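Some notes on the structure that comes next.
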Amino acid sequence: MSGIQIIGMGHAVPSVCVTNADMKKIVDTSDEWIRTRTGIRERRFCGEGESLATLAVRAAAEAIDSSGIRKEQIRLVITATVTPDYQVPSTSCLIQEKLQLPSGIPAFDINAACSGFVYGLSLVQALLPENEFALLIGAEQLSRMLDFSDRSTAVLFGDGAAAAVLQKKAGVPFYSHLAAGGNRSALWAASAPANRLPAWQNAEAQAERKEQSGGKPEDTGTYRIHMDGRSVFRFAVRALSEELREMEKQSGIPAEKVDQIVCHQANQRILDYVRKERGLPEEKFFRNLDRYGNTSGASIPLALYDLWNEGKLEPGTRVFCIGFGAGLTWAGACLTF
Ligand code: COA
């Protein structure tokens with residue numbers, strides 16, 4: 001069996017730290033409410049000169065440096081994100097240009113929300129030839145989609161990026177499972193209806209606005225996150241529990257024996273619910289959501305990065321990664337370091 005293995009990691013944490021006390025100045029909330037309902041203490045937002053692409057590039061550059069390979073050896077670039085700077089080109093192509101990665105290799109983005117990085121692992125496994133190297137990035141700038149008039153969603157999310165360099169090697173076990181169940185109403189982000197008017201019905205007004213702005217490209221609207229918190233909570237608990245069993249079945253490793261379970265960092269209560277249901281110890285479920293909040297596609301690689309940095313992913317370490325989120329999507333992967 002040939003499987004993928006992480007050989008380098010990098011991350012990029014945005015410059016603005018927003019504590020729950022800071023959040024209280026923006027929305028009607030309290031540190032106590034946020035901590036007890038979610039486990040989040042602070043999150044990071046992009047500041048001056050930072051955006052999704054700048055974070056993704058920083059994380060990717062560090063991952064390549066730490067892997068010990070040359071950037072010319074990268075054969076595939078995939079970015080998991082729901083908050084790209086541009087509709088086109090993809091974030092992966094922006095990274096390719098900025099870091100001068102080889103031309104002529106596949107580079108594209110995927111939208112599987114908070115399951116995006118795990119979806120990406122599976123794609124790398126499928127697309128990468130043996131002994132070659134891929135760059136997989138999870139990056140989000142969710143602060144650009146937050147509705148600060150909705151306190152139940154505004155306090156949950158943050159920005160960040162992390163990246164991994166992977167190699168496909170003979171004899172490395174790798175298992176994954178991807179799933180989705182289409183559901184718009186639980187968790188969605190859409191632009192204001194006015195901005196979805198077809199431009200051809202609006203050509204004159206569009207030309208007028210362009211002239212008034214001195215020829216600047218038009219802002220085509222801002223996306224905002226909407227969520228039915230309770231139904232997403234119920235879905236997340238079920239998805240995490242089922243995916244944990246799926247990974248145990250595929251890998252043959254019982255959850256008690258796996259070294260780490262790295263779940264999407266959405267909410268401490270979701271992780272605790274499944275952990276207690278399965279009678280597993282706290283230390284098995286890595287968490288850093290207290291520092292970053294929910295960073296969607298960046299959350300699993302940010303957690304892996306912290307473990308990597310703490311020296312907890314030594315050769316032979318086996319990790320279940322489990323994602324769940326908008327779509328609805330859910331996914332699991334079993335990595336061996
Ligand atoms: N600060 C203070 N009060 C808040 C608040 C905030 N930020 N957000 C909501 N409230 C209030 C509500 O207005 C409500 O008040 P009321 O009882 O007077 O009407 C009360 O808190 C309870 O609201 P409710 O929405 O029922 O809270 P909850 O216990 O369901 O917790 C979430 C809300 C969002 C934390 C919870 O539903 C959740 O974690 N869902 C999953 C979200 C998630 O992880 N999504 C991403 C998955 S990828």
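Read-outs throughout are calculated quantities, based only on the coordinates presented, and are distinct from any laboratory measurement. Remember, predicted model here, so these are calculated numbers, not experimental data. Positions of Cβ are backbone-derived with ideal geometry, glycine not excepted, and every protein chain shown enters the neighbour counts.
Data table
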read-out: In the stretch 10-97, the trypsin sites (Lys or Arg not before Pro) that fall in loop regions by DSSP, at most 12 other Cβ within 10 Å; value: R70
read-out: Exposure proxy order (Cβ contacts within 10 Å, fewest to most) of W330, W33; value: W33, W330
read-out: Shape category assigned to the stretch 257-311 from the gyration tensor of Cα positions, a/c cut at 1.5; value: oblate
read-out: Gaussian network model of the chain, springs between alpha carbon atoms under 10 Å - residue of Q141, Q260, Q87 with greatest fluctuation; value: Q87
read-out: Low-density loop positions, trypsin sites (Lys or Arg not before Pro), the stretch 157-188 - DSSP coil, at most 16 other Cβ in 10 Å; value: R184
read-out: Rounded if a/c under 1.5, otherwise prolate or oblate - the chain, Cα gyration tensor axes; value: oblate
read-out: CD proxy at 222 nm, helix term only [per DSSP H run n ≥ 4: -39500 (n - 2.57); per residue of the chain; nearest 500]; value: -10000 deg cm²/dmol
read-out: Excluding exposed DSSP-loop GluC sites (Glu not before Pro) (at most 12 other C-beta within 10 Å), longest clean stretch of the chain; value: 131-217
read-out: Per residue Cα convex hull volume in Å³ - calculated over the stretch 38-182; value: 150
read-out: Shape call, the stretch 230-337: gyration tensor on alpha carbons, a/c limit 1.5; value: oblate
read-out: Cross-link table K25/K276; K168/K284; K169/K249, entries beyond 25 Å C-alpha to C-alpha; value: K25/K276; K168/K284
